[in-house]
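Colleague: There's a structure below that I have some questions on.
The values are calculated or read from the model by the stated rules, or taken from the named source; none is laboratory data. Being a predicted model, the structure only gives us computed values, none of them experimental. Backbone-built Cβ (ideal geometry, glycine too); neighbour counts: all protein chains shown. Ligands, DNA and RNA are excluded from the accessible area calculation, which covers all protein heavy atoms including side chains. Shrake-Rupley method; radii C 1.70, N 1.55, O 1.52, S 1.80 Å.
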Amino acid sequence: MPKPILTIKNLRKSYGDHVIFEHLDLDVNEGETIVIIGPSGTGKSTLLRCINLLTRPNEGQIWLDDTEITSKNCNEDLVRQHIGMVFQNFLLFNHLTALGNVKLGLTRVKKMSDQAATEKALRELERVGLADKAGHYPGQLSGGQQQRVGIARALAMDPRIMLFDEPTSALDPELIGEVLEVMRKLAKDGMTMLVVTHEMGFAREVADRIVFMEKGYIVEEGSPNEMFNHPKFPRTREFLWKITELYGKKKEDAA
Amino acid sequence: MNLNQFISYIAQGTIYTVGVTLIALPAGLLIGTILALLYVYGGKVTGRLMNLYSTIFRGIPPLVLLFILFFAVSKGINLSAFWAGSLSLGIVSSAYQMEIVRGALLAVSGDQMKAARAIGLSRLQAIRYVVLPQAVRLAIPPWSNEVAIVIKDSSLVYALGVPEILRRAQLIAASSQQYLLAYLSAALIYFLLVFLTTRLLNRLENKLAIPANP
């Protein structure tokens, strides 16, 4: 039995009377890639934001390894260093080059020397295939390249787990592939990943487990094979059918 | 008396004009920036206090504040006319500069802060390394406006007898009876000061612009 890196117990988040999700349990094991799918407004992104404490859950606990990160005396900044986050709209620091974006956390958070940080940042950019764009500013990069820099920026902190919040949703169809390729490689290299996405091809191929969320609950979870071929609930089948059809259509359009 | 002598007599006041500006402007920037940071990141109560500060000092004519500081306060602490004038203009300017910096801080998307926090930067670090550098760039165009205003408002200290450009123009006008010429000379010098400064700031703006593809 592998030990989970991330344990979520009985999590609840609401804004006023509006409950985003409740009674949510999820374990993420070391090296596992979990893809979370579900209709919009289901709380998938809110869940990710709760995990890296950008939003505080109302109830429940989250453990990162043996530390309860939802406890009051937990140092948020320390927790976030160990949890990499990739955003839908990239959110690169606009005034810094690709290299500067990746370096900032290394010099300011990890307090590395400028030279060591530069070397490490260049290695991370290499990892996402963008070492030659190190001197470019975000405004000079394509969306796909920006997102890959975003991934490198998160990787540079050597996180225990990487969270991806619809990393390809803001991209032109022809730029999605390069980002998924980087993520595929990461998964293969053993990075623990929690991915919210509508890319069913990626989910089917890369995920160890797929979690289907709807209206704040985890409806069903299982291996891609179970979920795509033998879903237990009709709702899962319906959603997957719809989204796969949509995904297929998108590919045809692009071609 | 020829034009050259005329202008050179008045231009000797430039040192005071520039001096007042060089005190009022940085003082206003320092106070304004600190207050703007408190306004934006300091929570509700602090925000209200800052708003009050801004409302009060933008609501009083600079000349009135100048007189208040000079005649009321300077009796107690023995402030020279030059310093009283410079500091009052600095206080007035700090209220405007606070609004400029506040606007620039708010114009940097909150998402930038989110992304900075996500890699483990503290709030203070995120402000310093991510938000402020971007806000500074956004603040330069409105700030260059404020610089022009402070340079011109420095003429108000003439009322306290500081021998700056306007005061000297007044003196030479009275003694030579060449009123138009005197004030035209003063206007020319002020114009050149403002013109050169805004050109300089334009250059700075272009130099600091973040490169992007068209």
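Colleague: Can you list the residues, at least 5 places off or on another chain, whose amide H is less than 5 Å from the amide H of A:MET112, using H built in the peptide plane?
Modeller: Residues meeting the amide H criterion: A:THR107.
Colleague: If the cut-off is a Cα-Cα distance under 18 Å, which lysines reach A:LYS13, setting aside same-chain residues fewer than 8 apart in sequence?
Modeller: Cα-Cα hits under 18 Å: A:LYS44, A:LYS72, A:LYS215.
Colleague: How much accessible area per residue does chain B have, counting only protein heavy atoms and a probe of 1.4 Å, in square angstrom?
Modeller: Normalised by residue count, the accessible surface of chain B is 52 Å².
Colleague: In whole Hz, what ³J(HN,Hα) sequence does the range A:62-79 give by Karplus (6.51, -1.76, 1.60; θ = phi - 60°), x for Gly and Pro?
Modeller: For the range A:62-79, the Karplus curve yields 10, 10, 10, 6, 9, 9, 7, 7, 8, 6, 5, 8, 8, 7, 3, 4, 5, 4 Hz.
Colleague: Work out which helices of chain B, taken as complete DSSP H runs, extend at least 30 Å along their axis over the Cα atoms and score a mean Kyte-Doolittle of -1.0 or more, then list them.
Modeller: Sorted by number, the helices that extend far enough and score high enough are B:14-41, B:81-107, B:179-208.
Colleague: Return the inverse of the average 1/r over all pairs of distinct C-alpha atoms in the protein assembly as shown, which is the Kirkwood hydrodynamic radius, in Å to one decimal. Could the numbers behind the result be given before it?
Modeller: On the way: mean 1/r = 0.0382 Å⁻¹.
Computed over the protein assembly as shown, the radius equals 26.2 Å.
Colleague: Also: Under 8 Å for C-alpha pairs, at least 6 residues apart: give me the relative contact order for the range B:8-152, rounded to a whole percent.
Modeller: 32
Colleague: For the range B:18-162, which semi-axes, largest first and in whole Å, follow from the square roots of 5 times the eigenvalues of its Cα gyration tensor?
Modeller: In descending order, the three semi-axes are 33, 15, 12 Å.
Colleague: Could you derive backbone 3J(HN,Hα) for the range A:14-27 from the dihedral phi with the Karplus parameters 6.51, -1.76 and 1.60 (θ = phi - 60°), listing whole Hz in sequence and x where the residue is Gly or Pro?
Modeller: Result, rounded to whole Hz: 9, 10, x, 7, 7, 7, 7, 8, 8, 6, 9, 10, 7, 10.
Colleague: With a 1.4 Å probe and all protein chains left in place, how much of the accessible area of the range B:122-190 comes from carbon and sulfur atoms, in whole percent?
Modeller: Within the range B:122-190, the accessible surface is 62 percent carbon and sulfur.
Colleague: Under a plain spin-label model, where a point goes 7 Å from the Cα along Cα-to-Cβ, how far apart in nm are B:LEU49 and A:ARG204?
Modeller: Label-label distance for B:LEU49 and A:ARG204, simple model: 6.1 nm.
Colleague: Which one of B:VAL20, B:VAL147, B:VAL108 has the biggest mean-square fluctuation once chain B is modelled by GNM with Cα springs under 10 Å?
Modeller: B:VAL108
Colleague: To continue, here is another question. Non-local amide H neighbours of A:ILE161 (under 5 Å, H modeled in plane, Pro and chain starts lacking H): which ones?
Modeller: The list, which skips near neighbours in sequence, is A:GLY84.
Colleague: Go through the range A:158-170 residue by residue and turn each phi into a ³J(HN,Hα) via Karplus (6.51, -1.76, 1.60, θ = phi - 60°); whole Hz please, and just put x for glycine and proline.
Modeller: 6, x, 6, 8, 10, 9, 10, 9, 6, x, 10, 5, 9
Colleague: Something else: For B:ALA209 and B:SER175, what is the calculated FRET efficiency with R₀ set at 56 Å and r taken between the beta-carbons, to the nearest 0.05?
Modeller: Efficiency, from the Cβ-Cβ distance: 0.70.
Colleague: Turning to a different aspect of this structure: So for each of A:41-50, A:134-143 I average, over its residues, the number of other beta carbons within 10 Å; can you give me the resulting order with the highest mean first? Provide the component values of the computation, followed by the final result.
Modeller: Values: A:41-50: 21.8, A:134-143: 17.8.
Descending packing order for the listed peptides: A:41-50, A:134-143.
Colleague: For peptide A:51-61, how many partner chain Cβ atoms fall within 10 Å of a residue's Cβ, on average?
Modeller: Working: counts 0, 4, 2, 5, 0, 0, 0, 0, 0, 0, 0.
The shielding value for this peptide is 1.
Colleague: So how strong a dipole does chain B carry about its Cα centre when Lys and Arg Cβ are +1 and Asp and Glu Cβ are -1, to the nearest 20 debye?
Modeller: Charge dipole of chain B: 520 debye, to the nearest 20.
Colleague: How big a patch of accessible area, both sides summed and in Å² to the nearest 100, lies buried between B and A at a 1.4 Å probe? Working shown, then result.
Modeller: Details: alone 12120 and 12420 Å², together 22460 Å².
In total, chains B and A hide about 2100 Å² from solvent.
Colleague: Compare the peptides A:232-245, A:145-158, A:77-90, A:212-225 by average per-residue count of other Cβ atoms within 10 angstrom and give them in order, highest first.
Modeller: Numbers: A:232-245: 14.4, A:145-158: 25.4, A:77-90: 21.3, A:212-225: 17.2.
In decreasing order of mean packing, A:232-245, A:145-158, A:77-90, A:212-225 become A:145-158, A:77-90, A:212-225, A:232-245.
Colleague: If R₀ is 41 angstrom, what is the calculated FRET efficiency for the pair A:GLU238 and A:LYS3, using the beta carbon separation as r and rounding to 0.05?
Modeller: Once the sixth-power term is evaluated, E becomes 0.70.
Colleague: Between A:ILE161, A:ALA207, A:VAL219, whose Cα lies farthest towards the positive end of the dipole of chain A when Lys and Arg beta carbons carry +1 and Asp and Glu beta carbons carry -1, centred on the Cα centre?
Modeller: Final value for the positive-end residue is A:ILE161.
Colleague: Would you work out the relative contact order for the range A:124-249, in percent, from Cα pairs under 8 angstrom that are 6 or more residues apart? Please list the in-between numbers first.
Modeller: On the way: 120 pairs, mean separation 22.2, N = 126.
Relative contact order of the range A:124-249: 18 percent.
Colleague: For A:GLU214, list long-range residues whose amide hydrogen, built 1.01 Å from N in the peptide plane, is under 5 Å from its own amide hydrogen.
Modeller: Those lying under 5 Å, H to H, from A:GLU214 are A:VAL219.
Colleague: Report, in deg cm²/dmol and to the nearest 500, the calculated mean residue ellipticity at 222 nm for chain B, where each DSSP H run with n ≥ 4 adds -39500 (n - 2.57) and the sum is divided by the residue count.
Modeller: It comes out at -25500 deg cm²/dmol, rounded to the nearest 500.
Colleague: Related question: Please give the Cα centre distance for the range B:1-51 versus the range A:68-88, rounded to the nearest Å.
Modeller: If you average the Cα positions of each part, the centres end up 43 Å apart.
Colleague: Toward the positive end of the charge dipole of the range B:109-196, about the Cα centre and with charges on Cβ (Lys, Arg +1; Asp, Glu -1), which of B:PHE195, B:TYR158, B:TYR179 goes farthest?
Modeller: B:PHE195
Colleague: Separate question: Find the centroid of the Cα atoms in the range B:92-158 and in the range A:93-159, then give the distance between the two in whole Å.
Modeller: Cα centres, the range B:92-158 to the range A:93-159: 26 Å.
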